[in-house]
Amino acid sequence: MNKNQKRTIIIGLIIITAAVVIWLISGGEIFTKTQVLIEKKDELFGTTYKEWQNKFIWGLDLTLIISGVTVLVSGILFFIFKKKGRDEKPS
């Protein structure tokens, strides 16, 4: 394994780890959400009502898409760098 292949694997693992950490920090939701249902209280009448609030919550589906694309691109680059390494003359 040459230097470019090692670098590709390390960068790919960093991207996947970052996606998983962001997912865990944002709540570990299964599906990505763009709106959240919140309960608000009307101070004047003392009633509660529900309202949709625009808020982005990172989901597992987005994490898996990012991880899959990263694995695919890293795999392609790994084999491209492997072929490139064979063509070079040993020093």
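What pairs can you find where one residue is in the stretch 50-76 and within 19 Å of residue 18 (Cβ to Cβ), the other is assigned to a strand (DSSP E or B), and their Cβ atoms are less than 6 Å apart, with a gap of 6+ or different chains?
Short answer, once both residue conditions are applied: 56/34; 57/29; 57/33; 59/29.
Just the residues that are of a type in the set (Asp, Glu) and in contact with a Gly (Cβ under 8 Å, 6 or more places away or on another chain), please, taken from the stretch 1-41.
29 - this is the single residue of the stretch 1-41 that is of a type in the set (Asp, Glu) and in contact with a Gly (Cβ under 8 Å, 6 or more places away or on another chain).
Which number in (1) more than 30 Å from residue 83 (Cα to Cα); (2) in contact (Cβ under 8 Å) with a residue 12 or more places away in the chain marks the one condition that residue 46 misses?
Of (1) more than 30 Å from residue 83 (Cα to Cα); (2) in contact (Cβ under 8 Å) with a residue 12 or more places away in the chain, only one is false for residue 46: (2).
Take the stretch 1-33 and flag every residue that is over 21 Å from residue 68 (Cβ atoms) and surrounded by fewer than 11 Cβ atoms within 10 Å (Cβ to Cβ).
If the condition is that a residue be over 21 Å from residue 68 (Cβ atoms) and surrounded by fewer than 11 Cβ atoms within 10 Å (Cβ to Cβ), then 3, 27 are the ones that fit.
Scanning the stretch 1-35 for residues that are assigned to a loop (DSSP other than H, G, I, E, B) and not small (Gly, Ala, Ser), which turns out nearest to residue 52 (Cα to Cα)?
Of everything passing the filter in the stretch 1-35, 32 is nearest to residue 52 (Cα to Cα).
As an exercise: evaluate residue 46 against (1) exposed (fewer than 11 other Cβ atoms within 10 Å of the Cβ); (2) in contact with a strand residue (DSSP E or B) (Cβ under 8 Å, 6 or more places away or on another chain) and give the number of the one condition it does not meet.
For residue 46, the exception is condition (2).
Based on what the data block shows, is residue 55 among the basic types (Lys, Arg), farther than 30 Å from residue 8 by Cα, modelled with pLDDT under 95 and surrounded by 10 or more Cβ atoms within 10 Å (Cβ to Cβ)?
Criteria met by residue 55.
Cβ-Cβ under 8 Å, sequence separation 6+ or interchain: first residue in the stretch 11-32 and on the phi > 0 side of the Ramachandran plot, partner not β-branched (Val, Ile, Thr) and not in a helix (DSSP H, G or I). Which pairs?
27/58
Which of the following residues is at pLDDT 95 or above and exposed (fewer than 13 other Cβ atoms within 10 Å of the Cβ): 72, 64?
Step by step, each of 72, 64 is checked, and only 72 is at pLDDT 95 or above and exposed (fewer than 13 other Cβ atoms within 10 Å of the Cβ).
The values are calculated or read from the model by the stated rules, or taken from the named source; none is laboratory data. Treat the numbers as computed from the prediction; the structure is a model and nothing was measured. Cβ: placed from backbone, ideal geometry, glycine included. Neighbour counts: every protein chain shown.
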